[in-house]
1. Among the numbered criteria (1) farther than 20 Å from residue 170 by Cβ; (2) in contact with a helix residue (DSSP H, G or I) (Cβ under 7 Å, 6 or more places away or on another chain), which single criterion is violated by residue 51?
2. Looking at (1) within 16 Å of the ligand (Cβ to nearest atom); (2) among the hydrophobic types (A, V, I, L, M, F, W, C); (3) open to solvent by 60 Å² or more (accessible area, probe 1.4 Å), which is the only condition residue 180 fails?
3. What number of residues within segment 156-177 are in a loop (DSSP other than H, G, I, E, B) and more than 15 Å from the ligand (Cβ to nearest atom)?
4. Take the residues in segment 241-252 that are surrounded by 19 or more Cβ atoms within 10 Å (Cβ to Cβ) and away from the ligand (no atom under 12 Å from the Cβ); name whichever of them is farthest from the chain's Cα centre (by Cα).
5. Condition (residue is at pLDDT 95 or above, among the hydrophobic types (A, V, I, L, M, F, W, C), within 23 Å of residue 255 (Cβ to Cβ) and not in a helix (DSSP H, G or I)) applied to segment 142-155: is it met by at least one residue?
6. Which residue pairs have Cβ atoms under 8 Å apart, sit 6 or more places apart or on different chains, and have a first residue in segment 160-180 that is among the polar types (S, T, N, Q) and a second that is more than 11 Å from the ligand (Cβ to nearest atom)?
7. I'd like the residue in segment 128-153 that is among the charged types (D, E, K, R) and without any contact (Cβ under 8 Å) to a residue 40 or more places away in the chain and, out of all such residues, is nearest to the ligand (Cβ to nearest atom).
8. Given segment 36-118, what helices (runs of 4 or more DSSP H) lie entirely inside it while holding 3 or more residues that are open to solvent by less than 80 Å² (accessible area, probe 1.4 Å) and in contact (Cβ under 8 Å) with a residue 40 or more places away in the chain?
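The values are calculated or read from the model by the stated rules, or taken from the named source; none is laboratory data. Treat the numbers as computed from the prediction; the structure is a model and nothing was measured. Here Cβ is always computed from backbone atoms with ideal geometry, including for glycine, and neighbour counts include all displayed protein chains. Each accessible area value is taken on the protein alone, full model and side chains, heavy atoms only, with ligands, DNA and RNA left out. Shrake-Rupley method; radii C 1.70, N 1.55, O 1.52, S 1.80 Å.
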Amino acid sequence: MSAQIIDGKAISVDIKNEALEDAKILREKGVEPCLAVVLVGNNSASRVYVNNKKKACEYCNIKSLSYELPEDTTESELLELIDELNKSKNVNGILVQLPLPKQIDETKVILAISPDKDVDCFHPYNVGAVFTGGKGFKPCTPAGVIELIKRTGCDISGKNCVVIGRSNIVGKPAAMLLMAENGTVTICHSKTKNMAEICKNADIIVVATGKINTLTKDMVKEGAIIIDVGMNRNEEGKLCGDVDFENVKEVAGAITPVPGGVGPMTIAMLMKNCITAAKMQNGIE
Ligand code: NAP
């Protein structure tokens, strides 16, 4: 039996439509949700990401303010702009596209963004809230992983979950969010000794290593849900994930493809965070 292919693109459209509906309700209450997008320098990949985020805002009827600063922008100039955006009543979310030019300390910039406008969830306050289960924004990619699992009809509660990868932006927060859903979570990494055995016992496996074929068919239990966060280029230059998709789909119950799985979810969850920011700042439930 072949696995259900989880359509991340369609699910991301559903989430953006929900954000659009929420934006309409906010506007009826006199609140115009607004995201400030800051791009420093000429990194072409960053420009593509920023344009995609602006397009998503347009789709969701979220106003986007664009700040494109030159490559030689100083740290204090950028911090000054962030200070202004923090104080602006019209701005609900602030997104500074990383990486930044080398004269600017990224940590200082992340710390400067007001936690209640930190829709990327990079500020230690929000990162901490993911670990304590407190209120705050959820990091976009890991939150997207959870939505994909839930919208596939799976209740995470009590399930054996394995996360392969322990990065601060994907692996660790994904594990925390799975645990918040009452999953029983094991985290694997490059030093894990019996990974195949651990995975074979899992109902849900989230793979985020950046290494092609990290998860192969022999490591997967019949019917398991597989979420592939990886984004790699294979020898032919084709985009692919960390999972041996063609073979794993023969045993898995459901699996995300790459592209078209986790990828589109990140921006959709960012839109959701912008709506949450606008609601929180205006005391709307
Ligand atoms: P990262 O910071 O390089 O972390 C990779 C993690 O995988 C590390 O914890 C590493 O272990 C572990 N690892 C590497 N090789 C392994 C192996 N053979 N077996 C077990 N664990 C292994 O990467 P990341 O930022 O988390 O990103 C992971 C992937 O997700 C990348 O392909 C990235 O492009 C993709 N990504 C996608 C999105 C999206 O929107 N779809 C967003 C972010 C990232 P150690 O800690 O022991 O070194």
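1. (2)
2. (1)
3. The qualifying residues number 4.
4. If we filter segment 241-252 for residues that are surrounded by 19 or more Cβ atoms within 10 Å (Cβ to Cβ), which is where we start, we get 241-245, 248-249, 251-252.
Those left that are additionally away from the ligand (no atom under 12 Å from the Cβ): 244-245, 248-249, 251-252.
Numbers: 244: 22, 245: 21, 248: 24, 249: 24, 251: 27, 252: 23 Å.
So, considering only residues that are surrounded by 19 or more Cβ atoms within 10 Å (Cβ to Cβ) and away from the ligand (no atom under 12 Å from the Cβ), the one farthest from the chain's Cα centre (by Cα) is 251.
5. Yes, that holds for at least one residue.
6. 160/183; 160/184; 160/186; 160/201; 160/202; 160/203; 160/204; 168/127
7. Out of the qualifying residues, it is 150.
8. 44-59, 75-87
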